[in-house]
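Written out below as structure tokens is the structure these notes cover.
The values are calculated or read from the model by the stated rules, or taken from the named source; none is laboratory data. Computed from a predicted model, the values in this text were never measured in an experiment. FYI the Cβ positions are ideal-geometry reconstructions off the backbone, even for glycines, and counts take in every protein chain you see. These area figures cover heavy atoms from the full protein model, side chains too; ligands, DNA and RNA do not enter into them. Shrake-Rupley method; radii C 1.70, N 1.55, O 1.52, S 1.80 Å.
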Amino acid sequence: STMRERKTTDPLHSTDPPHSSTDLSEGKEKLRLKQEVGLISGVSLIAGTMIGSGIFMSPEWVLHHMGNPASSLLVWAACGLLAMFGALSYAELGTIIKESGGEYIYILRIFGSFPAFLFAYTSVILVRPAGLAAVCLSFAEYAIAPFYPGCSSPQVAVKCTAAACILILTVINCLNVRLATSVMNVFTAAKLLALFVIVVGGLVLLAKGQTQSFQNGFQGTTAGIGTVGVAFYQGLWSYDGWNNLNYVTEELKKPEVTLPRALMIAIPLVTCLYLLVNVSYLAAMTPSELLSSGAVAVTWGDKVLGSWAWLISLSVALSTFGSSNGTFFSGGRVCYIAAREGHMPDILSMAHVRCLTPSPALLFTSAMSLIMIISGNFTSIVNFFSFMAWFFYGMTISGLLYLKIKKPELPRSYKVPIIIPIIVLMAAVYLVLAPIIDQPQIEILYIVLFVFSGIIFYFPLVRFKYHPRFLQTVTLHLQLLLEVAPTTRDAK
């Protein structure tokens, strides 16, 4: 069949028998993804995805909405704390439900098939590909900027470079999981080095007495609830990716140990770096100069590095490429896991018989991202989807609270204090409702309508298992063409 039947066993029991397997070469060898992601690669996946273009672009907007340097630094610290609380909550979920898929698999196991399908439908078709396309376009802007000094880069060149970036990432991720994680490790090291240069430059400036930006630091602080919410959105965008390791739980070495440790290393590291980089920006520029800068990091480079300022543009390009690799790596897994659970066409749940990578899911994510790059009219949609992301974060966290209260007997190697998920849930509710109450816009209605349009596909294809015969033929031909086979997962 083209849509895999869902299991009817206890949805919270992650030790059920392995999923359908494939006999290879007349043997009984089961095809599955390799456990290739260790602690260093896990830290790189989280930090490498979080550190994208945000820290090089967002500081001016946080400062703009908060009104002064000191309160903007508080927002950056609070965003890091919220990301840490969310990640620690997800770490407990990851030790209870030891399956890949992040929010999707947690919603499926706790709340059931229908809400999980709506999440997968929204994420796989639009949210993940749009996010990937946006990051790749950001990479393209910085990568080709040196070739067009003094003027804006042609859109055709930007889109072609972004498309090339996606195709390169597709090849890397389809060939080998270890190759993809190695790319993440290298680019994470490069971007950490770039941020380290900015931090050291800032400390040198502070040592020379350039502290004027921090005098009367709280003067003129903005107090509006809506405005503070928008500032948080800008800050949290730079922290996006804190949950990426939960998408690849089955590919972690010793997930019960690696998952919490990687989170506890990566997120405080990124938070400290973000705070120190913001301090460096404010040491080099006055608040008014920072607000008038189109690209904060580039302006900082011009002021501090002089003729070496091109290093900053190169660093941002490297940073965004590494971030897009992490987004692609985890985004393809959502598609793969949803297909494995019967919520997407069966071909997307298969893996390459030699490379052992979910190549059909990766190719589908790549194709959707390329379509969005060609259309080019999706950036505003991505912005409006941030409230949708926090809606699903809130649903996932509420599921954890349900398990902590109603299913305390479930085995777990890591427990988070219950106050932490409560704080995250309250923040999620605020971040979902703030834009609707403060500035209701028709685009939010369009997004909600798109999400619930998934009902059209859910009932015939998933609920009533209607599988058109021609799709079975297409699946068979694609399976032969792509050299893929169904997979199973290890019993945990």
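Of all residue pairs spaced 6 or more apart or on separate chains, those with beta-carbon atoms under 7 Å, a first member in region 129-144 that is without any contact (Cβ under 8 Å) to a residue 40 or more places away in the chain and open to solvent by less than 20 Å² (accessible area, probe 1.4 Å) and a second member that is part of a helix (DSSP H, G or I) and not β-branched (Val, Ile, Thr) are 140/162; 140/165; 144/157.
Only one of 234, 212 is more than 30 Å from residue 436 (Cβ to Cβ), open to solvent by 10 Å² or more (accessible area, probe 1.4 Å) and at pLDDT below 80; which? Within the list 234, 212, the selection yields 212.
Consider region 70-86 and keep the residues that are surrounded by 24 or more Cβ atoms within 10 Å (Cβ to Cβ) and under 20 Å from residue 284 (Cα atoms). The one that is modelled with the highest pLDDT is 76. Restricting attention to region 389-414, the residues that are of a type in the set (A, V, I, L, M) and open to solvent by 40 Å² or more (accessible area, probe 1.4 Å) add up to 2. Of 177, 204, all but one fail to be at pLDDT 85 or above and either among the β-branched types (Val, Ile, Thr) or closer than 22 Å to residue 266 by Cα (or both); the exception is 204. Each residue in region 417-453 was checked for being within 23 Å of the chain's Cα centre (by Cα) and of a type outside the set (Phe, Trp, Tyr), and 20 pass.
Tell me, which residue of region 97-110 that is part of a helix (DSSP H, G or I) and open to solvent by 10 Å² or more (accessible area, probe 1.4 Å) is nearest to residue 400 (Cα to Cα)? Before you say what the answer is, go through the steps one by one.
First pass over region 97-110, keeping only residues part of a helix (DSSP H, G or I): 103-110.
Checking which are open to solvent by 10 Å² or more (accessible area, probe 1.4 Å) leaves us with 109-110.
Numbers: 109: 11, 110: 9 Å.
If we take residues in region 97-110 being part of a helix (DSSP H, G or I) and open to solvent by 10 Å² or more (accessible area, probe 1.4 Å), then 110 is nearest to residue 400 (Cα to Cα).
Looking at region 288-322, which of its residues are open to solvent by 10 Å² or more (accessible area, probe 1.4 Å), among the aromatic types (Phe, Trp, Tyr) and in contact (Cβ under 8 Å) with a residue 12 or more places away in the chain? 310, 321 - these are the residues of region 288-322 that are open to solvent by 10 Å² or more (accessible area, probe 1.4 Å), among the aromatic types (Phe, Trp, Tyr) and in contact (Cβ under 8 Å) with a residue 12 or more places away in the chain. For region 238-254, the count of residues that are part of a helix (DSSP H, G or I), under 14 Å from residue 58 (Cα atoms) and in contact (Cβ under 8 Å) with a residue 24 or more places away in the chain is nonzero. For region 330-350, the tally of residues that are outside any helix (DSSP H, G or I) and surrounded by 24 or more Cβ atoms within 10 Å (Cβ to Cβ) stands at 4. Looking only at residues that are surrounded by fewer than 13 Cβ atoms within 10 Å (Cβ to Cβ) and among the β-branched types (Val, Ile, Thr) in region 419-445, which one is farthest from residue 230 (Cα to Cα)? Filtering first and then ranking leaves 419.
Do you know which of the residues in region 452-477 that are open to solvent by 50 Å² or more (accessible area, probe 1.4 Å) and outside any helix (DSSP H, G or I) is farthest from residue 392 (Cα to Cα)? This residue is 466.
Contact annotation: residue pairs with Cβ atoms under 6 Å, 6 or more positions apart or on different chains, pairing a residue in region 162-174 that is part of a helix (DSSP H, G or I) with a partner that is aromatic (Phe, Trp, Tyr) and open to solvent by 30 Å² or more (accessible area, probe 1.4 Å), are 165/139. Just one residue in the set 350, 368, 372, 388 is modelled with pLDDT under 85, out of contact with any Cys (no Cβ under 7 Å at 6 or more places or on another chain), farther than 20 Å from residue 227 by Cα and not small (Gly, Ala, Ser); that residue is 372.
Pairs linking a residue in region 454-471 that is of a type in the set (Phe, Trp, Tyr) to a residue that is surrounded by 13 or more Cβ atoms within 10 Å (Cβ to Cβ) and not in a helix (DSSP H, G or I), with Cβ atoms under 9 Å and 6 or more positions apart or on different chains, are 458/343; 466/3.
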